[in-house]
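To keep things clear, I will list the structure first and then write my remarks on it.
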Amino acid sequence: MGDEDVSVEMLASPVNPVDVNVIQARNLTKVSQKIPLDLAATFTVNPTTAYRMLRDFVSLSPGDCIIQNGANSGVGQSVIQQASAMGVKTINVVRDRSGHEADSLRQTLFNLGASEVVTEDFAGSHSMKELMEGMMIFKDLKSVGYWNSKWMEENVGGSEYKKMIADLCKLGEEGLLTPPLCEHHPLKDFTVALSNAMKPYVGRKQIIDFKQKSAL
């Protein structure tokens, strides 16, 4: 190895069907060793997306309230935790469930800091799309698209990027930001992880664990 080379030990990596992982030096992110491995492995995916959405479009203050759908997704769970740390309330919309599954999910999100959890049928005969269209017309609301990968590519290594990583690491060290539920797979079984990641409503992040061995 030369003076400009860096040896990288892969511990774990999230599986995102839309991503192709190519390691470049400028894309490596140093995170605190005090945070859980699953959080470190998913650090630049869900937490960074939630962080930017909570800060880049409106100025939120303690006591403000936001509403999100898909609240039990990895990003949704991170939004709940980060908003709670900011003193911001969250109304969280999830798809309809029944019985124990619904109660368990509600409790999980409340444990993360959710202010309220409602199902998609909460809006009655109106879909969320219809409600949002009405509010955009009569309440002068705006719709903004956001692509986290693009922001990361344009800002990696910059001051705002470093501040974001430091803020998230601090939350992780304090136990205010925890990883989503994860399912680990050895590298040999990457096809299983990829297959699971492509399924709808899996509920767990698929992680390639480079230290885990396949079951015999």
If a residue has to be hydroxyl-bearing (Ser, Thr, Tyr) and closer than 19 Å to SER84 by Cα to count, how many in segment 145-182 make the cut? 1
For segment 161-189, which residues satisfy the criterion of being assigned to a strand (DSSP E or B) and farther than 12 Å from LEU39 by Cβ? GLU183, HIS184, HIS185, PRO186
Look at segment 56-80 and say how many of its residues are surrounded by fewer than 21 Cβ atoms within 10 Å (Cβ to Cβ), among the polar types (S, T, N, Q) and out of contact with any strand residue (DSSP E or B) (no Cβ under 7 Å at 6 or more places or on another chain). 3
So, in segment 199-209, how many residues would count as being modelled with pLDDT of 80 or more and either loosely packed, with under 13 Cβ neighbours inside 10 Å or over 15 Å from the mean Cα position of the chain (by Cα) (or both)? 2
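Only one residue in TRP151, TRP147 is loosely packed, with under 15 Cβ neighbours inside 10 Å, under 16 Å from ASN46 (Cβ atoms) and not aliphatic (A, V, I, L, M), so which one is that?
TRP147
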Per the filter on segment 5-52, residues farther than 21 Å from ALA71 by Cβ, at pLDDT 65 or above and among the charged types (D, E, K, R) are ASP5, GLU9, LYS30, LYS34
Selection within segment 134-164 - in contact (Cβ under 8 Å) with a residue 60 or more places away in the chain, touching a helix residue (DSSP H, G or I) at 6+ places or on another chain (Cβ under 8 Å) and hydrophobic (A, V, I, L, M, F, W, C): TRP151, MET152, VAL156, MET164
Could you tell me which numbered condition ALA193 fails, if it satisfies all but one of (1) of a type outside the set (Asp, Glu); (2) out of contact with any His (no Cβ under 6 Å at 6 or more places or on another chain); (3) in a helix (DSSP H, G or I)? (2)
In segment 59-106, the residues that are assigned to a helix (DSSP H, G or I) and either modelled with pLDDT under 90 or more than 18 Å from THR49 (Cα to Cα) (or both): GLY74, GLY99, HIS100, GLU101, ALA102, ASP103, SER104, LEU105, ARG106
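The values are calculated or read from the model by the stated rules, or taken from the named source; none is laboratory data. Please read all numbers here as calculations on a predicted model, not as lab measurements. Note: ideal-geometry Cβ built from the backbone for every residue, glycine included; neighbour counts use all protein chains shown.
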